[in-house]
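These notes are about the structure you will find just below.
Read-outs throughout are calculated quantities, based only on the coordinates presented, and are distinct from any laboratory measurement. The shown structure was predicted, so the numbers you read here are calculated from the model rather than taken from an experiment. Note that each Cβ is placed from the backbone with ideal geometry, even for glycine, and that neighbours are counted across all protein chains shown.
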């Protein structure tokens, strides 16, 4: 269908708990297509429906050649611990050390309402937790250690995109972002 524009930090849809999907059919298939198209841009690992302005519990993932979508995900299992830099499409060009589980398993539904289970370690685990957080109205900045969070919020407020009106283009002299996986 379409690559959708990503909502940026400060947009109320990112801070609101997403609604559960109660009916599956053409609308969920269309949303799944948009989420999949949007996550397949190089460097992206996951996109949650609220990030494209849709307040529903759904996300897509694109990690280690695994591509899919999950509606109404529930985290079944978490194991271990990992700590590393994390970024977010809704907080562009900023990366901060974030603690996540080393292994995560989720259960949910595909666009037709069939049960799906997705599990993984390292980047996939980070992606699954990150995207479920988006559906709960949590941007990863809230997961940071207090001192890092203060630094992150200063960086957000100082960023060119934070003060730019929604829908306006970036400055012509703004450089291209580094090629890194963003969720």
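Report, in degrees rounded to the nearest 10, the 0 to 90 angle that the Cα long axis of helix 123-135 makes with the longest principal axis of the chain.
90
Treat each spin label as a single point 7 Å out from the Cα along the C-beta direction, and report the residue 2 to residue 136 distance in nm.
Label at residue 2, label at residue 136, 3.2 nm between them.
Identify which of 20, 129, 86 has the largest mean-square fluctuation in a Gaussian network model of the chain, with springs joining Cα atoms closer than 10 Å.
It is 20.
Based on alpha-carbon centroids, what's the gap between the range 114-129 and the range 32-89 in Å, whole number please?
9
Ordered by packing density, taken as the mean number of other Cβ atoms within 10 Å over each peptide's residues, highest first, how do 5-16, 51-62, 29-40 rank? All intermediate terms of the calculation are to be shown ahead of the outcome.
Values: 5-16: 16.3, 51-62: 22.9, 29-40: 19.3.
Answer by packing, highest mean first, reads 51-62, 29-40, 5-16.
Fully extended, how many nm does the chain gain between residue 151 and residue 20 (0.36 nm per residue separation, minus their Cα-Cα distance)?
Numbers: separation 131, 0.36 × 131 = 47.16 nm, distance 3.38 nm.
My answer for the length gained is 43.8 nm.
Output the 0 to 90 degree angle, nearest 10, between the alpha-carbon long axis of helix 26-39 and the longest principal axis computed from the alpha carbons of the chain.
40
Helix-only mean residue ellipticity at 222 nm, the chain, DSSP H runs n ≥ 4 weighted -39,500 (n - 2.57), per residue, nearest 500. What is it?
Working: 4 runs with 44 residues, N = 183.
Value at 222 nm, helices only: -7500 deg cm²/dmol.
With a cut-off of 8 Å between alpha carbons and a minimum separation of six or more residues, what is the relative contact order of the range 86-163 in percent? Please report the intermediate quantities before stating the final value.
Values: 82 pairs, mean separation 22.1, N = 78.
RCO, the range 86-163: 28 percent.
In whole percent, what relative contact order does the chain give with Cα contacts below 8 Å and a gap of six or more residues? Walk me through the numbers on the way to the answer.
Values: 360 pairs, mean separation 44.7, N = 183.
Value for the chain: 24 percent.
If you line up the long axis of helix 146-158 against the longest principal axis of the chain, both from Cα atoms, how many degrees apart are they, to the nearest 10?
70
Separation between the residue 33 and residue 78 pseudo-spin-labels, each 7 Å from Cα along Cα→Cβ, expressed in nm?
Output for this residue pair reads 3.5 nm.
Just to be sure I understand: of the beta bridges DSSP finds with both ends in the range 1-106, what percent are antiparallel, rounded to 5?
Details: 19 of 20 bridges.
The antiparallel fraction comes to roughly 95 percent.
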